[in-house]
Structures are given as C-alpha cells and as structure tokens.
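Below: the structure, in structure tokens.
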Amino acid sequence: MKTLRPITLVTLGPALLGVAQAVAVWLSLPDSRRLADIAWALLVGTGFGLVIFGLIALAVLTGERHPDWLYRYSSCVSWHTSTAMGLSLGYLFACLRHQVFDSLSAGAFMIVFLGAVVKVALNEALNRKQQDAT
C-alpha cells in the first residue's frame, strides 16, 4: 500500500475531519441545523485536523529529511511528552475527584491531547522509516 505524502496529510486530513464534524453536528443535534452552526462545526473540525495532521506530517517530513536527528531525539521527546502527559492526567483526575474545572484543567487537557498527537506522529514517522528500510 502506498503511503501518503505529508502535503496530502495536511490538505486532505483537516478537510475530511471538518466535513465529518459538520455531518456529526447535523445528524446528532437537530437544533443546530442552521448554517452558522454547521460552519462553526466545520471550522472547529478543520482546526483540530490541522493540529492533528499537521504534527503528524511534520514528524513524517522530519523522518524523511533528517532521519538521524529523528532517531537521536525521538526517545527524549517521547519521554518528556510522557512525563508531561502523566502530570496533566494526574491533575485532571484530581479535578474530577474534587469536581472542579478551571483554566488549568483546560490546559492540562490540551497537554494530554497534544502529547497523544506527538506520540502518534513519532510512532508513525519511525514506523515509516522502518518500512522503507525493508
């Protein structure tokens, strides 16, 4: 199976996620079937798609252009990402226990989300490099 290029990931991924988000809003929320609500869902889905697929495409592009740098620093980036995600998850569980949600909770949630995206991107880039070697 042919792998997708980074430019394809960045262009098609966010567009498809935005359309999927708009369709999900259309189907699941009958009160939100106005044009403004659908446009907002499309914008939010496309924004999340840019974050998710942009980081994956960046990691794949780094793996293609600088594979030695990726192999050298991927374990360090992965370790620091795991540490930040662990601390953030701990804070989120404490907030759930005390039934509090503040701006730090939103930041912790974003750290967990971005950390998961970074770890997926590193895994994808390293697996592509291993597949190209065989």
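A few points about this structure:
- Any chance Ser32 is without any contact (Cβ under 8 Å) to a residue 12 or more places away in the chain and either surrounded by fewer than 14 Cβ atoms within 10 Å (Cβ to Cβ) or not small (Gly, Ala, Ser) (or both): yes
- Note on segment 3-50: residues that are farther than 26 Å from Ala116 by Cβ, out of contact with any helix residue (DSSP H, G or I) (no Cβ under 7 Å at 6 or more places or on another chain) and of a type outside the set (A, V, I, L, M, F, W, C) total 3.
- For segment 97-134, the candidate set comprises residues that are in a helix (DSSP H, G or I) and of a type in the set (Asp, Glu); within that set, the residue that is modelled with the highest pLDDT is Glu124.
The values are calculated or read from the model by the stated rules, or taken from the named source; none is laboratory data. These numbers were taken from a predicted model, which means no experiment stands behind them. FYI the Cβ positions are ideal-geometry reconstructions off the backbone, even for glycines, and counts take in every protein chain you see.
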